[in-house]
Amino acid sequence: MISAREALARLREGNARYVAGEPIGGALASAARRSALTDGQAPFAIVLGCSDSRVPAEIIFDQGLGDLFVIRVAGNIVAPSQVGSVEFAAERYGTRLVVVLGHSQCGAVLATLDEVQRPTPNQSPNLRSIVGRISPAVVPLLATGLKGDPEALVHQAVRANVLAAANHLRHGSALLEQMTQDDGLVVVGAEYSLETGVVDFFDGVPDAA
C-alpha cells in the first residue's frame, strides 16, 4: 500500500509527462504487465471522473494497466453506485487516494446550467437525475455577478461541482469518513484543462503534498 501523498505525487509526475509529450504509458500496458495482473490488482489511486471522451484518466495521468481504479460517469456526479465503487476499492485494495476529476467545458455542467435557466419539457428522468445531482452546486452561482460572464460562470460551476462531489465522498459515507479519520484515506478535487492538458489539484490536497 502506498500513501495518499505518494499516490498524488505519481499522478502529478504522470500528468507532467503527458503535458510534455513524453508519456511512458505504452510500456505500462504491455503483454507482460497484463499477464502479471491476471491474479490481482493493487491500484494506487481511485479516480471518479467524467465520461467525456476527451478525459481518459489513464492517458492524462500517463498510467498503465493496474494503476488506477477508474469510475466514470457524466458530470463526475456522486450517486450511491459511485460511492459504493469508491468504498469497494478503498477497502478491498487498500487504495488511499481518491481523486474527483472534473474538466473544463464539462458538457454535463453546461447542460445543467442551461436546464435550470431554460427547463426542457418532458426531459428524460434519467437525464434529469444527472442534472439533479449537479444543480445544487451550480444554481447559487446564478445569483452572483458570474451570470453575466458565461466563461467565468462555467469555470466556477465545474469547480463547484467537483467540490460538492468530493465533500459527498468525505461525509456521505460512514465507511469513507472512518477511513479518512483513521486509515489515511484522502479525497482531493481536481480539474483537467482541455486546453493545456494540465490537471490542477485544488481541493483537499494534504499539506506539503
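The values are calculated or read from the model by the stated rules, or taken from the named source; none is laboratory data. What you see is a predicted model, and the numbers here were worked out from it, not measured in a lab. Ideal geometry is used to build each Cβ from the backbone, glycine not excepted, and the neighbour counts take in all protein chains shown.
How about the stretch 23-61: which of its residues are within 23 Å of the chain's Cα centre (by Cα) and farther than 29 Å from residue 79 by Cβ? Listed by number, the residues that qualify are 23, 24, 25, 26, 28, 29. Determine if the stretch 123-130 includes at least one residue that is under 21 Å from the mean Cα position of the chain (by Cα) and within 20 Å of residue 103 (Cβ to Cβ). Yes: one or more hits. Taking the numbered list (1) touching a residue at least 40 places away in the same chain (Cβ under 8 Å); (2) polar (S, T, N, Q); (3) crowded, with 18+ Cβ neighbours inside 10 Å in turn, residue 105 passes all entries but (3). Mind listing whichever residues of the stretch 200-209 are part of a loop (DSSP other than H, G, I, E, B) and at pLDDT 95 or above? Answer for the stretch 200-209, where residues must be part of a loop (DSSP other than H, G, I, E, B) and at pLDDT 95 or above: 204, 205. Among the residues in the stretch 171-180, are any acidic (Asp, Glu), over 25 Å from residue 79 (Cβ atoms), modelled with pLDDT of 95 or more and outside any loop (DSSP other than H, G, I, E, B)? No, the stretch 171-180 contains no residue that is acidic (Asp, Glu), over 25 Å from residue 79 (Cβ atoms), modelled with pLDDT of 95 or more and outside any loop (DSSP other than H, G, I, E, B).
Can you say whether residue 47 is at pLDDT 95 or above, within 30 Å of residue 181 (Cα to Cα) and touching a strand residue (DSSP E or B) at 6+ places or on another chain (Cβ under 6 Å), as far as the supplied structure shows? Yes: the conditions hold for residue 47. Checked against (1) loosely packed, with under 13 Cβ neighbours inside 10 Å; (2) at pLDDT 95 or above; (3) in a helix (DSSP H, G or I), residue 17 meets all criteria but (1). Note on the stretch 49-85: residues that are outside any loop (DSSP other than H, G, I, E, B), under 23 Å from residue 127 (Cα atoms) and touching a Ser or Thr at 6+ places or on another chain (Cβ under 8 Å) amount to 5. Here is the figure for the stretch 54-90: residues that are in contact (Cβ under 8 Å) with a residue 60 or more places away in the chain and β-branched (Val, Ile, Thr) total 6.
Residues in the stretch 183-199 that are under 20 Å from residue 44 (Cβ atoms) and either part of a helix (DSSP H, G or I) or among the acidic types (Asp, Glu) (or both): 183 alone. Taking the stretch 89-139 as the search range and keeping residues that are among the β-branched types (Val, Ile, Thr) and part of a helix (DSSP H, G or I), which one is nearest to residue 61 (Cα to Cα)? My answer is 109. For the stretch 169-209, a residue qualifies if it is of a type in the set (Lys, Arg) and touching a residue at least 60 places away in the same chain (Cβ under 8 Å), but none of them does. Annotation: of all residues in the stretch 133-148 being surrounded by 14 or more Cβ atoms within 10 Å (Cβ to Cβ) and of a type in the set (Gly, Ala, Ser), the one that is farthest from residue 160 (Cα to Cα) is 135.
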